[in-house]
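Taking it in order: structure first as structure tokens, then the write-up.
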């Protein structure tokens, strides 16, 4: 059996990954199917049922908000938006961080020093101040959330990839490729990047929860997803304002957010253990 096959078998045999992955799959499946089968629309208002507690009356399974909108549909749409933002922002940070870190680490010398000083400069910028500047310069929109989160998350990825690349460039197969005249870009894509897959996969699973938290924090502050769209962070913000009389508005989205974050963190920790055990053999 190949190394990839053995790793995949260990992943499938890891109970933490299986259980956490199953829970995440179930949450995503319900989030996609739920709004389709629900008789309520996420924009539909019912002023006769404002702040109704969760019940089967009117199929308001999660109750209604202060405008009489069904929280079941809005919460599931919030899950969709939160996960989409996190996945896209993580993908953006993955591409930028891996390429930037690999180029800096493989080039070395002055190029590496200049590139990493640029990263240090970005680290010094206050994140919230940067987001506020983006909101002032551009209109608030869905795409801007990707830019704001991806503009920060790739910095950690670049540093980690750069450190691994500094080690890989001293390996015999990389030096052999250099001696045979293989181009700079080809060495990175064919020899450096494939050897970073394990580390990158683990780090991405840990980056997704970070992106979810950032998006939720921005929406909680009113800088993220805007009405009529919603996210778990926006729902939690609305729930905080109504927690004295409608505690379910806070508990339901907060519980789902905590469940999603725990599942991704458990998967990331378990994958790290799997890849560590493979390297130790």
If you go through 192, 160, the only one that is over 26 Å from residue 265 (Cα atoms), touching a helix residue (DSSP H, G or I) at 6+ places or on another chain (Cβ under 8 Å) and modelled with pLDDT of 80 or more is 192
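Residue-wise test of (1) modelled with pLDDT of 85 or more; (2) more than 15 Å from the chain's Cα centre (by Cα).
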site	(1), (2)
75	yes, yes
78	yes, no
85	no, no
88	no, no
97	yes, no
112	yes, yes
Inspect all residues belonging to segment 110-123 and state whether any of them is closer than 17 Å to residue 158 by Cβ and not in a helix (DSSP H, G or I). no
Can you confirm whether residue 64 is at pLDDT 80 or above, closer than 21 Å to residue 250 by Cβ and within 21 Å of the chain's Cα centre (by Cα)? no
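The values are calculated or read from the model by the stated rules, or taken from the named source; none is laboratory data. Since this is a predicted model, take the numbers as computed values, not measurements. All Cβ positions, even for glycine, are placed from backbone atoms using ideal geometry, and neighbour counts span all protein chains on display.
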